[in-house]
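Just so it is clear, none of the values below were taken in a lab; they were calculated from the coordinates. Nothing here was measured: the structure is a model prediction, and the numbers come from that model. Cβ: placed from backbone, ideal geometry, glycine included. Neighbour counts: every protein chain shown.
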Amino acid sequence: MINSQDDLFKDFETVRQISIIPTMLEVICQLTGMGFAAVARVTNDRWLACKVRDEVAFGLKEGEELKVETTLCNEIRDIRQPIIIDNVAEDPVFCNHHTPKIYGLQSYISFPIILKDGTFFGTLCAIDAKPADLNNTKVVGTFSLFTELLSFHLQSVDLLERSHTSNISLQNKNRILTNVNNELDDFVHSASHDLKSPITNIASLVDILGEIVEEEIIDKPMTQQIIGLIKSDLKRFTGTIKDLTTFVEVNNSNDTERCEEINISEVVESVKQDLNNWIIESNANIKVQGEDHIWLNLSKKNFKSILYNLLSNALKYRSPERVPEVLVKINHGNGKVILTVTDNGLGIPFDKQDKIFTMFKRFHNHVEGSGVGLYIVKRMVDNINGQILVNSTLNQGTTITILF
């Protein structure tokens with residue numbers, strides 16, 4: 001008996017959903033006087049009864065199978081033509097055929113069910129242990145009409161399922177697009193504010209600097225202070241532009257279509273060079289454990305971006321009471337690549353841990369930042385259908401785990 005995990009179960013259920021088939025089988029039995037009629041799904045190696053009318057206790061039930069090589073449908077699949085036998089004993093072609101002998105048949109009729117795209121689906125067939133008058137216009141016309149109807153219904157069900165699947169897919173894509181657009185609106189609103197502020201500050205500082213230059217005696221300490229403020233605003237300006245660029249790149253990312261080998265040590269060293277000032281300033285110790293070369297369905301550039309954001313957070317939110325210790329581990333487990341970054345920093349309150357991947361969320365205000373770093377990490381992981389987890393204890397440290 002077929003089960004829901006079977007490759008042919010979908011076809012089996014499709015036939016069973018066509019409400020007109022029981023009437024077709026009843027008409028066939030009445031028209032031909034035969035006691036058994038069925039719709040069968042036939043492949044190169046299987047014959048499956050999908051719908052059955054059994055008036056002679058042949059014993060074959062819906063969902064059961066015959067060995068395909070013992071059936072005449074095996075030949076119909078190849079020739080794609082009907083086989084009609086009024087009386088096996090008098091038929092010069094089939095009188096010694098193995099199928100009638102195996103099943104004790106004297107009359108047989110079977111028409112191929114061919115879908116509109118040319119695919120062979122199976123057969124509409126009838127059998128009996130006594131001869132029957134089958135090879136006539138009325139019977140042949142009825143079988144031809146019924147197989148055409150079956151083909152139409154099967155094709156219609158398939159089209160409806162495809163339409164339903166496409167509709168669900170379209171709804172999902174629209175929902176994702178709506179979310180992305182909303183996030184982009186939020187980001188643009190924040191970015192415009194973040195860009196406007198340093199630009200306004202720089203303009204004011206340039207005006208003040210211009211006034212100082214016009215004076216006969218230049219106040220060097222004041223000039224140096226203004227230049228320092230300009231540099232600070234330019235740094236904020238550059239950071240916002242970088243965040244905006246990264247945000248756009250992540251939303252346009254197509255990493256699901258690529259797989260790349262990544263040298264972990266090489267990427268970590270590159271990130272450490274980018275964070276060199278923070279590492280020196282904090283005397284941080286960053287260790288790496290695990291596999292050195294990993295294949296990921298993620299670009300090297302995006303992997304570096306993920307690692308950069310995780311390590312920079314570990315250093316930015318370090319505890320003033322201890323030297324930063326950061327451990328990067330990467331290994332295989334349960335069919336996935338597992339990356340963990342553990343620090344001994346400030347930690348995150350338990351009730352806020354589910355919010356750290358939200359755009360613009362920051363829980364420690366003593367450190368500069370835009371609040372988009374972990375959001376970008378989350379988007380990169382989501383884009384490849386990965387998973388990201390956080391485990392943190394306040395004043396002890398944080399572990400971020402990513403399953404690729």
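Just a few scattered comments:
- Whole-Å distance, taken between Cα centres, linking the range 72-139 and the range 270-347: 70 Å
- Residues C259 and V27, FRET efficiency given R0 of 56 Å [Cβ-Cβ distance, rounded to 0.05]: 0.50
- Placing a pseudo-label 7 Å from each Cα along the Cα-to-Cβ vector at V288 and I384 gives an inter-label distance of 1.6 nm.
- Residue-span extension gain [S144 to K231] - 0.36 nm each, minus C-alpha spacing: 22.9 nm
- Backbone HN-Hα couplings from phi across the range 107-118 [Karplus 6.51/-1.76/1.60, Hz, Gly and Pro as x]: 9, 7, 8, 8, 10, x, 9, 10, 6, 4, 8, x
- Label-to-label distance, nm, for residues given as K67 and K355 (7 Å Cα→Cβ offset): 7.0 nm
- By the count of neighbouring beta-carbon atoms within 10 Å, fewest first, W47, W278 end up ordered W278, W47.
- The phi torsions of the range 292-300, fed into the Karplus equation with coefficients 6.51, -1.76 and 1.60 and a -60° offset, translate into couplings of 8, 10, 9, 8, 10, 7, 8, 6, 4 Hz, rounded to whole numbers, with Gly and Pro shown as x.
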